[in-house]
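Only one structure is covered here, and it is reproduced in the block below.
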Amino acid sequence: MKKGRFVVRSIQFFLIVLLFASTASAQNSSYIPLNIKPAFEKGTRSTDGSPGPNYWQNKSEYDIKVNIDPRTKILKGSEDIVYFNNSPDSLDQIVVRLYQNINRPEARRDFYINPKAINEGVQLKRISIGNAERQIDDRSTVNITGTNLTLKLNEKLAPQSKINLSFDWEIEIPPVSTIRFGSYDSTSMFIAYWYPQISVYDDLDGWDRMDYTGTLEMYNDFNDYNIEFTVPAGFQIWATGVWQNADEILNQKYLDRYNSAWKSDSVIKIIEKSDLSENNIYKTKTGFNNLKFKAVNVPDFAFGISNTYLWDAASFEVDKNTGRRVYCAAAYRQTSPDFVDVAFYAKETLKYFSFEMPGVPFPYPSATVFNGAGGMEFPMIVNNGREDNIAGIVGLTSHELAHQYMPFYMGTNERKYPFMDEGWAVMFPYDFQERMAEGNTPRIRTVNGYENFAGNELDLPLMIPSPTISWRSYRISAYNKPAIAYDILRKTLGDELFLKALHTYMQRWNGKHPIPTDFFFTFNNVTGQDLSWYWKPWFYNFSYPDLAISNIKSKQNSIVVEVKNIGSLPLPVKLQVMFKDEVVKEVYKNADVWKSGKDKIEIKIDGVKNFDAVILGSELIPDVNSINNVYFK
């Protein structure tokens with residue numbers, strides 16, 4: 001290249017970089033990590049929060065045949081995958097997740113698991129790439145490390161091309177309940193992380209190679225699934241997707257109940273206790289049944305199975321223009337009396353999500369609550385334990401179903417940024433939980449949990465990726481702190497503007513892979529504000545909640561209260577003026593009183609002639625030190 005041409009191109013490049021920097025600075029002053037900046041430079045992401053003109057993502061199509069006998073706990077699978085490389089890169093390898101390897105004796109785990117859950121993980125029987133068989137023990141082309149399988153390709157997979165992969169494998173379902181799946185009686189199980197799954201290759205990190213050790217949860221591409229289960233007669237499957245051949249399996253009485261539930265606002269008892277004893281639910285009473293399920297554009301597939309569970313379902317209309325309805329079901333043990341109402345609560349939960357908060361029509365055709373243990377979400381199905389009261393039932397049901405939006409509808413990377421889904425799953429159902437269970441105070445519980453942890457050395461900025469932090473830090477970072485941040489932001493912006501920004505973010509990024517900067521930039525863009533004064537302390541800095549009354553000046557018929565922000569976290573300010581043990585004046589200011597960045601503000605309260613004390617704070621506003629919240633005259 002000639003020197004003159006080099007100089008010209010260097011100047012052009014400098015001007016482009018300068019333009020990008022000035023544009024980014026003008027629209028948002030939030031910090032962008034160095035490993036994220038190339039995505040903006042390549043045009044896969046934009047500083048207004050939109051997907052860039054060059055945004056891309058990969059996907060897979062799965063056809064899986066599963067043979068499972070709950071009595072032996074053995075699952076045998078055969079799958080054909082078509083993997084689409086929509087990236088601009090030529091791929092020389094494919095990374096596949098073998099999640100069940102977490103059960104191997106030598107596996108790294110974040111939690112103790114029952115020794116009965118230890119087994120040999122995924123037993124690969126056959127691997128084929130592009131119709132060519134691979135030797136499973138050939139470590140030069142087939143390499144298993146932890147829960148990842150790396151397959152070296154003989155020829156690179158070119159951009160905008162696809163490749164076929166096939167696997168035969170076998171796993172043993174633990175005979176006990178373990179991390180997010182397992183057995184709950186001799187013939188009832190919830191099965192997750194069960195098939196060889198292509199990992200995510202994205203515009204930020206390339207292949208996701210994080211080992212699954214129990215804490216880190218979801219980050220998957222949006223895929224299509226056709227699944228055929230072969231199960232002993234008498235067993236029912238509840239799963240991601242929609243059951244395709246109910247008419248071939250159920251006797252007419254139960255088929256009518258099942259079909260009615262798809263049209264009924266009232267709960268239909270599809271399988272009751274008496275039905276199980278009559279043993280006339282299925283057309284085939286011996287041998288095996290083949291149950292077929294289909295799911296389109298979902299990030300994972302999980303299922304439950306039992307021959308003793310009860311089954312309730314109802315539905316509701318989510319779109320009056322098209323008449324589209326959402327089917328809501330509960331499958332549960334006879335010894336879980338709380339689950340009698342779960343189908344109803346599931347339906348009411350999804351109605352609330354669809355029409356109130358977040359106010360986005362439920363995106364999937366169905367959702368099932370399976371009665372297993374704990375609480376864990378998967379697309380269109382969640383695995384929940386039993387609860388002892390209405391608040392617990394409503395809380396667990398609504399929290400896990402909130403995950404259908406975050407991370408599943410939105411495709412966020414929960415393995416790096418759990419606050420992008422767990423925080424929302426705590427915050428979204430607040431109003432619903434308070435409404436459905438009298439005396440329920442989820443906001444206060446969240447605040448209390450955060451106050452007990454905030455400001456100590458393990459209270460780390462939310463933007464620190466979760467693989468680098470401990471479980472104690474993870475819990476607060478994923479759930480309490482972001483839920484409070486989102487809720488305060490809602491009150492600060494007001495519902496109308498908050499929902500406008502949230503809807504824009506969800507419209508732009510559903511079915512894709514947004515990261516925190518995409519969320520921050522979208523809210524800045526829609527609100528017309530640089531909200532860095534809020535993002536930085538809540539998500540990036542070592543800030544904590546501690547407001548204090550530092551001084552009070554009395555004037556004629558008024559007082560001026562000086563409030564100091566010791567912990568630098570922008571919080572609402574609530575002041576109560578007391579006189580003779582009664583509140584005579586009350587003032588509330590939203591968190592934007594701190595947008596200037598100053599650590600002190602003055603609030604004038606008129607109409608105060610006499611007072612005994614001024615109290616700062618509220619049980620809904622976190623504060624690690626209440627001693628400095630009271631000023632006595």
What helices in the chain pass both tests, a Cα length along the helix axis of 24 Å or more and a mean Kyte hydropathy of 0.5 or higher, using whole DSSP H runs?
-> 3-27
Pairs from 574/604; 65/253; 37/491; 536/600 whose Cα-Cα separation, in the structure shown, is over 21 Å = 65/253; 37/491
Once phi is turned into ³J(HN,Hα) by the Karplus curve 6.51 cos²θ - 1.76 cosθ + 1.60 with θ = phi - 60°, what whole-Hz value does each residue of the range 143-158 show in order, with x for glycine and proline?
-> 10, 10, 10, x, 9, 10, 10, 10, 10, 7, 8, 5, 10, 4, 8, 6
Contact order relative to length for the chain, counting C-alpha pairs under 8 Å separated by 6 or more residues, stands in percent at 11 percent
All other residues with a Cβ under 11 Å from the Cβ of residue 611 taken together, and with Lys, Arg as +1 and Asp, Glu as -1, what is their net charge?
-> +2
Just order 476-489, 268-281 by mean Cβ neighbour count inside 10 Å, highest at the front, would you?
-> 476-489, 268-281
Calculate the spin-label point distance for residue 54 paired with residue 458, positioning each point 7 Å from the Cα along the beta-carbon direction, and give it in nanometres.
-> 4.3 nm
Relative contact order (percent) for the range 414-547, with alpha-carbon contacts under 8 angstrom and 6 or more residues of separation?
-> 33 percent
Contact order relative to length for the range 547-632, counting C-alpha pairs under 8 Å separated by 6 or more residues, stands in percent at 35 percent
Estimate the FRET efficiency between residue 152 and residue 61 by the formula 1/(1 + (r/R0)^6), using the beta-carbon distance for r and 22 Å for R0, to the nearest 0.05.
-> 0.45
In nm, give the distance between the simple-model label positions of residue 554 and residue 144, each being 7 Å from the Cα along the Cα-to-Cβ direction.
-> 7.9 nm
Potential lengthening between residue 495 and residue 176 on full extension [0.36 nm per residue; Cα-Cα distance subtracted] | 110.3 nm
What shape does the range 222-292 have by the C-alpha gyration tensor, where a ≥ b ≥ c are the square roots of the eigenvalues, rounded means a/c under 1.5, and otherwise prolate means a/b greater than b/c and oblate the rest?
-> oblate
Here are several values of Cα extents along the principal axes in Å: (i) 89, 82, 52; (ii) 73, 68, 48; (iii) 88, 65, 47. Which one was derived from the coordinates shown?
-> (i)
When 97, 209, 139 are ranked with the fewest other C-beta atoms within 10 Å first, the list becomes 139, 209, 97
Total formal charge among the other residues, if their Cβ is under 12 angstrom from that of residue 36, Lys/Arg +1 and Asp/Glu -1 | -1
Cleavage-rule hits, GluC sites (Glu not before Pro), the range 430-476, DSSP coil, Cβ neighbours within 10 Å at most 16 = 438, 457
From the residues 583, 56, 507, which one has its Cα farthest along the dipole of the chain in the positive direction, the dipole being from +1 and -1 charges on Cβ of Lys/Arg and Asp/Glu about the Cα centre?
-> 56
Mind giving me the FRET efficiency for residue 76 and residue 321? R0 is 30 Å, r the Cβ-Cβ distance, nearest 0.05 is fine.
-> 0.10
Shape call for the range 38-112 from the C-alpha gyration tensor, a ≥ b ≥ c root eigenvalues: rounded (a/c under 1.5), prolate (a/b greater than b/c) or oblate?
-> prolate
Among all the aspartates and glutamates, which ones have a C-alpha under 17 Å from residue 347's C-alpha, if same-chain residues fewer than 8 places away are not counted?
-> 265, 312, 317, 319, 338, 356, 377, 400, 431, 434
For the range 547-632, shape from the Cα gyration tensor axes a ≥ b ≥ c, cut at a/c of 1.5 then a/b versus b/c, turns out prolate
If you wrap the range 313-359's Cα atoms in a convex hull and average its projection over all directions, what's the area in nm²?
-> 3.4 nm²
Extension reserve of the residue 162-residue 584 stretch, reckoned as 0.36 nm per residue once the Cα distance is removed | 144.8 nm
Whole-Hz Karplus couplings 3J(HN,Hα) for the range 266-279, θ = phi - 60° and coefficients 6.51, -1.76, 1.60, Gly and Pro as x, run 8, 5, 9, 7, 6, 10, 10, 4, 5, 5, 5, 6, 6, 6
What does the highest-first list of 400-412, 349-361 look like by mean Cβ count within 10 Å?
-> 400-412, 349-361
Charge tally in the Cβ shell below 10 Å around residue 482, where Lys, Arg are +1 and Asp, Glu are -1, residue 482 excluded | -2
The range 112-194: which chymotrypsin sites (Phe, Trp or Tyr not before Pro) are DSSP loop and have at most 11 other beta-carbon atoms within 10 angstrom?
-> 112
Counting other Cβ atoms within 10 Å of each Cβ, which chymotrypsin sites (Phe, Trp or Tyr not before Pro) in the range 539-633 have at most 14 and sit in a DSSP loop?
-> 542
In debye, nearest 20, what is the charge dipole magnitude of the chain about its Cα centre with +1 on Lys and Arg Cβ and -1 on Asp and Glu Cβ, if you could check?
-> 1340 debye
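Only the coordinates and a few stated rules stand behind these numbers; no lab work does. As the structure is a computational prediction, the values presented were derived from the model and not from experiment. As a convention, Cβ positions derive from the backbone with ideal geometry for all residues, glycine included, and neighbour counts pool all protein chains shown.
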